[in-house]
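As structure tokens, the structure follows; a few thoughts come after it.
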Amino acid sequence: MRQSNYQGALQQPVGSGFNAKSTAAEVMQGLNLSGKTAIVTGGHTGIGLETTKRLAEAGASVVVLARDIEKARQNLAGIKDVTIAEMDFMVPDSIDAFADQFIASAKPLHLLINNAGIMWVPLRRDARGIESQLATNYLGHYHLTARLFPALKKANGARVINLSSLGHQFGDFNFEDPNFLHHAYETLQAYGQSKTATNLFSLELDQLAKEFKVRAYAVHPGSIGGTELAREASLEQFQQLGYLDANGNMKPEVAAQLKTIPQGAATTVWCATSALLDEIGGVYCEDVEVAKLATGDSVEASGVKAYSLDEHRAKKLWRLSEELTGVYFEF
């Protein structure tokens, strides 16, 4: 069996030739995706919209999944070969409805970009009782990927890109109480847990799916200016984290570290298309490169924590995900 990324065995840069300042357009330059089908969740805003634009520009047929169809139509107007479908990760039935429709089309799926996400939200639960950040950022994408897996296998060479975050360093996955039923809810802890889950999912999915020529990757896009991710965050939350000064202005050193939206989408499209990753999967990537392991005990400026690449945790999360959703992959 080919080497896995359990315990971060493959977390070493591969020499992409790009960097943190590279844009999605630069990464995609000269690539031809004609005949390929891609699905992008939340592909109508922020880095998802930039991802959609670049994939379509390269010739791919892109399906964008959105909660707000009218907003998606407005934002995607004028982009060729893009279709829009309604889906809400807080409504599991909507995941099944879309998946049933796509599978019925008999189309192969070459790229699944699990991009949609939320952050800084108060405690909410989906129809299954799942905490909303876990439901939206991870479990809904697990559900969608499982239901679309027959189409991914049909592509005879597919990739699943799961949007993670440096925020996975906020904490490990809480297997005892993932839905905050017995301990106090803290929004960043919930966000971190959802992104740790994303890393573990990417790790195990790649291990199980690579024999079907389906590879999986976790992507940290960077800290991005101009997205809607923080639309529910309060001024006080940003001040507590040291992002804003007492007057509510962004500190210069923080602003200097922000990426633009085109830079933020670069790692996504690199993981979706780079030949350097043909024989490597289950890795966590950032700055258009395979990231290094973060070995410290506290939150670091870059890298991936080993607990989010742990084989035992990955397998345990997979079983829990099956139990919570009642959805299973067709291996």
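The values are calculated or read from the model by the stated rules, or taken from the named source; none is laboratory data. What you see is a predicted model, and the numbers here were worked out from it, not measured in a lab. A quick note on method: Cβ atoms are made from the backbone with ideal geometry, for glycine too, and the neighbour counts reach across all protein chains shown. Areas reflect the complete protein model, heavy atoms only, side chains present, ligands, DNA and RNA absent. Shrake-Rupley method; radii C 1.70, N 1.55, O 1.52, S 1.80 Å.
Could you size up the charge dipole of segment 60-115 around its Cα centre, putting +1 on the beta carbon of Lys and Arg and -1 on that of Asp and Glu, and report it in debye to the nearest 20?
Its charge dipole is roughly 300 debye.
How many Å² of accessible area per residue for the chain, probe 1.4 Å?
42
Share of the chain's accessible area from carbon and sulfur, percent, 1.4 Å?
With neighbouring chains kept in place, the figure for the chain is 49 percent.
With Cα extents along the principal axes in Å in mind, check (1) 54, 42, 40; (2) 61, 50, 36; (3) 53, 47, 44 and report the label derived from this structure.
Evaluating Cα extents along the principal axes in Å on these atoms matches (1).
So for segment 79-171, averaging the separation of alpha carbon pairs under 8 Å that are six or more residues apart and normalising by length, what relative contact order in percent results?
In percent, rounded to a whole number, it is 38.
Taking the highest mean first, how do the peptides 207-218, 12-23, 306-317 order by number of other beta carbon atoms within 10 angstrom per residue?
207-218, 306-317, 12-23
Within the chain, what percent of beta bridges assigned by DSSP are antiparallel, to the nearest 5?
Once the DSSP bridges in the chain are tallied, antiparallel ones form about 10 percent.
Once amide H atoms are built 1.01 Å from N in the peptide plane, which residues 5 or more positions from Leu293, or in another chain, come under 5 Å H to H?
Here the answer is Val304, since their amide H atoms fall under 5 Å of that of Leu293.
Determine the sum of side-chain charges near Arg125: Lys and Arg each +1, Asp and Glu each -1, restricted to other residues whose C-beta is under 15 angstrom from that of Arg125.
-2
If you place +1 on the Cβ of every Lys and Arg, -1 on the Cβ of every Asp and Glu, and leave all else neutral, what size is the dipole of segment 1-96 about its Cα centre, to the nearest 20 Debye?
Here the size comes out at about 400 debye.
In a shell of Cβ-Cβ distance under 9 Å around Thr267, excluding Thr267 itself, what net charge do Lys and Arg (+1) and Asp and Glu (-1) give?
My count for the surroundings of Thr267 gives -3.
Projected onto the charge dipole of segment 1-129 (+1 at Lys/Arg Cβ, -1 at Asp/Glu Cβ, origin at the Cα centre), which of Pro92, Gln7, Leu76 gives the Cα projection farthest towards the positive end?
Value: Gln7.
Taking a ≥ b ≥ c as the square roots of the eigenvalues of the Cα gyration tensor of segment 103-225, is the shape rounded (a/c under 1.5), prolate (a/b larger than b/c) or oblate?
Because a/c hits 1.5 or more and a/b exceeds b/c, segment 103-225 counts as prolate.
Using alpha-carbon pairs under 8 Å, 6+ residues apart, how would you state the relative contact order of the chain in percent?
Rounded, it is 24 percent for the chain.
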